[in-house]
Amino acid sequence: MKYWQPYIERQKPEYLQTNYPPVFAADMVVVIPCYNEKDLHITLQNLCECKTPEVKTLVAVIINSGVLSGEEVVLQNRKTYDEVIGFAAENNSDTLRFFPLIFANLPRKHAGVGLARKIGMDLAVEYFLNTQNPEGIIISLDADCTVSPNFLSGIFAAYRQTAGLCCTVQNFRHRVENNDPQLENAIRQYEQYIRYFSEMLRFVGFPYYYHTIGSAFSVSADAYVRVGGMGRQQGGEDFYFLQKVFALGKTARLDDIFVYPMARYSDRIPFGTGPALQKIIDEPDGQMKTYRFEAFAALKEFFDLRQSFFKQDTEFIRQKITQLHPAIVQFSEETGVLSEIEDCNQNSATLPAFEKRFFHHFNAFKIIKFLNFSHSTHFALDKLSSKTDIF
């Protein structure tokens with residue numbers, strides 16, 4: 001924990017002025033960003049109905065708004081704060097407590113779910129530091145979610161059963177209200193896309209193939225600090241953060257533990273579920289388009305060669321790459337892949353070290369960059385509905 005305090009000292013003090021109640025000494029903190037939510041009580045009540053592990057859990061609700069938020073949002077947030085206070089008074093127990101914090105007028109540049117999640121998680125680190133708990137667990141959830149009954153107990157069990165576990169990734173299935181067939185169709189396609197993309201990452205040999213959903217992961221407090229904490233992005237903060245955690249150490253995929261977010265259109269973030277749903281519905285045929293299998297197959301051929309690159313000269317590596325799919329050849333030439341492999345060889349004494357550094361360069365961001373490049377030059381996007389046989 002020696003590097004936790006320096007981490008906390010680097011964070012903005014105005015976001016750490018209010019501490020979580022240390023007298024409770026929880027082992028897990030559930031962080032829930034909350035912005036203009038009218039039905040938060042559904043999520044809180046659902047957590048009360050979970051099977052509670054024998055350890056203590058604190059549920060921290062980070063109610064937030066930005067300098068540009070309207071009066072209606074600010075008033076709803078105040079109402080939500082009062083509701084959580086009342087809910088806590090009625091439902092707090094010896095093992096489960098609810099604690100709201102409200103942050104208004106967050107700066108325009110960063111106001112959003114990323115900053116709210118970061119504030120809640122940074123406070124969790126400070127909380128575990130104050131209670132001298134080096135094994136503290138931070139659980140990420142959203143304010144529109146319900147969860148399976150084993151949510152709390154299953155996540156805690158995963159950390160106790162796997163030494164050195166850095167992260168867990170929970171399963172997911174979105175809820176759809178009002179029997180909206182158009183929304184139902186769009187969200188099931190989007191879920192299929194998430195699973196398809198994850199399976200394709202596994203297929204090509206990428207070691208960090210897990211899905212990244214902000215309401216469906218947990219992280220050890222120690223791993224959280226070691227990767228530099230959550231980012232302040234206004235969207236996609238979960239993706240950026242989890243890529244760093246996946247590369248740090250062990251991740252457990254908890255397929256039997258579910259999060260059930262609400263499927264809804266949203267313009268709060270530039271990308272993610274809400275914008276994706278709108279994009280699907282805007283398609284003339286209502287069918288989502290995605291990357292072709294052939295592009296992943298080309299990438300797999302390249303990844304399969306990585307061990308043969310170890311301690312080889314540049315010309316040998318160049319010749320190997322020229323024999324691959326033209327999309328790989330062109331992408332390598334235009335993005336400096338050869339120099340990155342040279343860097344791997346120059347800074348790796350062993351094959352495992354080489355492979356780790358290789359995937360540091362060819363990470364999830366680089367993979368997406370290749371997929372976008374190859375579909376602008378060599379492939380056409382395909383209908384997602386043609387890929388149902390993968391699952």
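Using Cα atoms only, what is the angle between the long axis of helix 337-346 and the major principal axis of the chain, expressed in degrees (0 to 90) to the nearest 10?
80
Does anyone have the angle between helix 293-304 and the longest principal axis of the chain? Alpha-carbon axes, 0 to 90°, nearest 10?
80
Work out the charge dipole of region 7-141 with +1 on the Cβ of Lys and Arg and -1 on the Cβ of Asp and Glu about the Cα centre, then indicate which of Val73, Leu40, Leu106 is farthest towards its positive end.
Checking the options against the dipole of region 7-141, the answer is Leu106.
Specify, per residue and in Å³, the volume enclosed by the convex hull of the alpha carbon atoms belonging to region 41-104.
75
GluC sites (Glu not before Pro), restricted to region 52-154: which are DSSP loop and have at most 10 other Cβ atoms within 10 Å?
Answer by residue number: Glu54.
Give me Thr162, Thr168 ranked fewest to most by other Cβ atoms within 10 Å of their Cβ, as a rough exposure proxy.
Thr162, Thr168
Out of Gln319, Gly286, Gly120, whose Cα points farthest toward the positive end of the dipole of the chain (charges: +1 Lys, Arg; -1 Asp, Glu; placed on Cβ)?
Gln319
Any chance you could list P(r) for region 293-390, counting all Cα-Cα pairs in 10 angstrom bins from zero, rounded to whole %?
Per 10 Å bin, starting at 0, the Cα pair percentages come out as 15, 47, 28, 9, 1.
So the label point goes 7 Å from the Cα of Glu342 along Cα→C-beta, right? Which residues of region 314-331 then have their backbone N under 11 Å from it?
Within reach of a label on Glu342: 314-315.
Could you tell me the number of lysine pairs in region 4-287 with C-alpha atoms less than 19 Å from each other, where the two lysines are 8 or more residues apart or belong to different chains?
Number of lysine pairs found: 5.
Fully extended, how many nm does the chain gain between Arg160 and Asp282 (0.36 nm per residue separation, minus their Cα-Cα distance)?
39.4 nm
Counting pairs of alpha carbon atoms under 8 Å apart in space and at least six apart in sequence, what relative contact order in percent does region 4-287 give?
Reported as a whole number, the value is 24 percent.
Quick one: dipole size for the chain, taken about the Cα centre, charges +1 on Lys/Arg Cβ and -1 on Asp/Glu Cβ, in debye to the nearest 20.
Charge dipole of the chain: 680 debye, to the nearest 20.
Using only helices, what value at 222 nm comes out for the chain when you add -39,500 (n - 2.57) per DSSP H run of length 4 or more and divide by the total residues, to the nearest 500 deg cm²/dmol?
After summing the helix terms and dividing by the residues of the chain, the value is -14500 deg cm²/dmol.
Using the beta-carbon distance between Gln17 and Phe365 and R0 = 56 Å, what value does 1/(1 + (r/R0)^6) give for FRET efficiency, to the nearest 0.05?
Once rounded, the FRET efficiency stands at 0.95.
Just to verify a number: FRET efficiency for Thr335 and Ala104, C-beta to C-beta distance, R0 = 51 Å, to 0.05?
0.75
On a 0 to 90 degree scale, rounded to 10, what angle separates helix 364-377 from the longest Cα axis of the chain?
The answer is roughly 50 degrees.
Which of rounded, prolate or oblate describes region 4-287 when judged by the alpha-carbon gyration tensor and an a/c cut-off of 1.5?
rounded
Considering only the other residues whose Cβ falls under 10 Å of the Cβ of Thr168, what net charge follows from Lys and Arg at +1 and Asp and Glu at -1?
Net charge in that neighbourhood comes out at +2.
Under a point spin-label approximation (7 Å from Cα along Cα-to-Cβ), what is the Asp304-Arg175 distance to one decimal in nm?
The two pseudo-label positions are separated by 4.5 nm.
Can you tell me what share of the DSSP beta bridges in the chain is antiparallel? A percent to the nearest 5 is fine.
30
Which one, Gln161, Ser215, Pro6, projects farthest toward the positive side of the charge dipole computed for region 4-287 from Cβ point charges (K/R +1, D/E -1)?
Result: Pro6, furthest along the dipole toward the positive end.
All of the numbers you see were taken from the coordinates with simple rules; none came from a lab. None of these values were measured; they are calculated from a predicted model. All Cβ positions, even for glycine, are placed from backbone atoms using ideal geometry, and neighbour counts span all protein chains on display.
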